[in-house]
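Here is the structure we will look at.
The values are calculated or read from the model by the stated rules, or taken from the named source; none is laboratory data. The shown structure was predicted, so the numbers you read here are calculated from the model rather than taken from an experiment. In this analysis, Cβ positions are derived from the backbone assuming ideal geometry, glycine residues included, and neighbour counts consider all displayed protein chains.
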Amino acid sequence: MSYRMTATLTVVNAVAGLLSYGFLGNAAVVSTTTQTYGMSLAAFLVSGVAFGLIVNNGLAMFYQHGNQSQIEEVLVTPVNFREFLVLSSFFEIFTALAGSILLFGLSIVLFGLTYSYHIPLLVLVISLGILSSIGLGFIGLGFRLVYKQTYVISWVFYSLSGMIGNMLVPVQILPGLLQVASFAMPQYYFFTGIRLALGASVGSPVELLAIFAIYAMILLIIGLVALEYGLRSVRRSGTYKWT
Amino acid sequence: MISVRHDFSGRTVNEPKIILNHISKAFARKAETGLLRARRACRAVLKDVTLEVESGECVCVIGKNGSGKTTLMRILSTLVQPDNGQARICGFDVVKQGREVRRRIGVMLNAGDTGFQPRTSGLTNLEWYAALYSIPQKEAHRRIQRWLQDLQLADRGSDQIQSYSSGMRRRLALARALLSDPEILLLDEPTLGVDPWTMEQIHKQLRSYVMLGKTILCTTNSLTETRALARRVFRLENGVLSESAINEELSC
């Protein structure tokens with residue numbers, strides 16, 4: 001598929017998702033989100049869809065730049081591979097950020113949604129979201145180098161994040177066990193932080209931010225270790241490619 | 001006997017540019033897959049390989065497909081770690097001082113036509129790799145133009161890579177290996193799929209590179225290539241390296 005076609009389909013999918021959840025949210029009358037976050041269900045859903053672009057691609061963040069047709073040629077240059085991955089992904093990070101802001105703006109225009117804006121908190125949460133995405137990206141690539149596929153790890157993160165990541169389904173309406181499981185997802189902290197930054201009834205974000213910051217740092221450290229392990233593993237096995 | 005001493009940074013100087021000292025490598029492979037289990041086996045690819053290449057020398061390693069040539073090059077390129085033995089380039093250990101080694105080598109891998117972005121031009125691809133070597137933009141542009149010219153790609157430099165023939169991609173991969181003006185050039189079957197006229201052109205460029213005092217280690221399965229390039233030739237067969245009989249012919 002060409003880059004233009006891929007970009008077009010990505011935009012269409014994102015807008016379609018935004019519209020679906022917006023309509024769905026508008027149809028809801030009573031909402032847990034109003035009590036917990038001070039925003040309507042529609043506002044909850046579209047903010048989840050819009051800002052999901054920042055964290056939901058975390059695992060696959062570096063696949064394009066650590067891909068199998070290029071990785072060996074990059075690894076024989078003196079460049080630091082981790083720096084190379086992060087610097088090469090700046091454009092994608094910027095695109096995800098710009099896409100999120102555009103979708104968020106579009107949702108306000110289309111549905112007349114109202115939010116409160118706690119900009120410093122929003123910036124902090126987004127920054128931590130990007131940091132945890134980088135950590136997840138290193139983990140994803142390390143996993144891929146060793147196991148040559150990422151189906152299992154992707155499934156764990158992406159299949160579950162919509163449900164227990166507080167992205168689309170408010171954690172408060174989930175059964176107790178799933179609520180506990182959601183605390184293990186980095187997405188939970190990210191999306192909860194976003195709702196605290198945009199909702200009318202802001203509780204104290206300090207505890208959430210502290211946990212999210214520690215979580216993001218842990219993800220980054222695990223990611224660095226996983227990538228190093230992955231690279232050592234392929235240096236032993238000689239199999240950089242995964243076809 | 002080669003005298004060995006260390007400079008202030010601990011780097012060994014006055015030693016051959018490339019040293020392989022009793023290198024062995026075996027790869028695990030999935031020999032048979034049963035219903036419930038996979039039986040793993042090991043395949044020795046390099047067995048106790050020892051080789052030294054002096055500064056300003058071009059050495060060829062000749063061998064059949066699957067003889068271990070590519071593994072040898074991948075060890076020297078820091079892509080693969082040997083199981084036993086030590087490999088050094090310009091006095092640096094390829095395992096422990098990989099980054100220092102990579103600063104001094106230009107590599108053309110066996111599948112060297114990959115690693116290019118197919119929808120961007122040859123020129124842009126080379127600029128991208130030049131940035132990885134931290135070559136200043138102006139200098140990078142000068143070198144790229146030079147190598148595109150010398151490797152007869154100047155008129156196609158602005159075309160997308162996907163329109164290149166396999167021979168053109170090999171030449172572009174060679175240009176990429178030469179971009180950083182490396183002390184050591186590691187070439188894994190550099191003229192694979194290249195027509196005889198272009199092959200002669202590439203050999204001419206490589207001979208001039210050696211004349212500048214640079215060192216080349218090249219693997220090939222072509223006797224023509226070894227005769228055109230090498231001062232010394234080694235034969236790799238089933239992972240065992242030995243001096244080739246061609247050496248007597250070359251010394252005449």
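Got at least one residue in segment A:88-98 being surrounded by 21 or more Cβ atoms within 10 Å (Cβ to Cβ) and either farther than 28 Å from B:Arg99 by Cα or within 11 Å of chain B (Cβ to nearest Cβ) (or both)?
The answer is yes; a qualifying residue exists.
Which condition number does A:Val225 fail, the rest of (1) closer than 18 Å to A:His65 by Cα; (2) of a type in the set (Val, Ile, Thr); (3) surrounded by fewer than 14 Cβ atoms within 10 Å (Cβ to Cβ) being met?
For A:Val225, the failing item is (1).
Can you pull out the residues in segment A:88-98 that are modelled with pLDDT under 90 and among the small types (Gly, Ala, Ser)?
Within segment A:88-98, A:Ser88, A:Ser89, A:Ala96 meet the criteria.
Among (1) closer than 26 Å to B:Asp195 by Cα; (2) touching a Leu at 6+ places or on another chain (Cβ under 9 Å), there is one condition B:Tyr133 misses while meeting the rest; what is its number?
(1)
For the subset of segment A:70-87 comprising residues that are free of Cβ contacts under 8 Å to residues at least 24 places away in the same chain, under 26 Å from the mean Cα position of the chain (by Cα) and surrounded by 15 or more Cβ atoms within 10 Å (Cβ to Cβ), which member is farthest from the other protein chains (Cβ to nearest Cβ)?
A:Phe84
Within segment A:21-38, is there a residue that is modelled with pLDDT of 80 or more, at negative phi and out of contact with any Pro (no Cβ under 7 Å at 6 or more places or on another chain)?
First pass over segment A:21-38, keeping only residues modelled with pLDDT of 80 or more: A:37-38.
After this cut, where a residue has to be at negative phi as well, the list is A:37.
Remaining after also requiring out of contact with any Pro (no Cβ under 7 Å at 6 or more places or on another chain): A:37.
Yes, segment A:21-38 contains a residue that is modelled with pLDDT of 80 or more, at negative phi and out of contact with any Pro (no Cβ under 7 Å at 6 or more places or on another chain).
Being farther than 16 Å from A:Val11 by Cα, away from every other protein chain (no Cβ under 14 Å) and free of Cβ contacts under 8 Å to residues at least 12 places away in the same chain is the requirement here; does A:Pro120 meet it? Don't jump to the end; show me each part of the working.
On the way: farther than 16 Å from A:Val11 by Cα: yes; away from every other protein chain (no Cβ under 14 Å): yes; free of Cβ contacts under 8 Å to residues at least 12 places away in the same chain: yes.
Against the criterion (farther than 16 Å from A:Val11 by Cα, away from every other protein chain (no Cβ under 14 Å) and free of Cβ contacts under 8 Å to residues at least 12 places away in the same chain), A:Pro120 qualifies.
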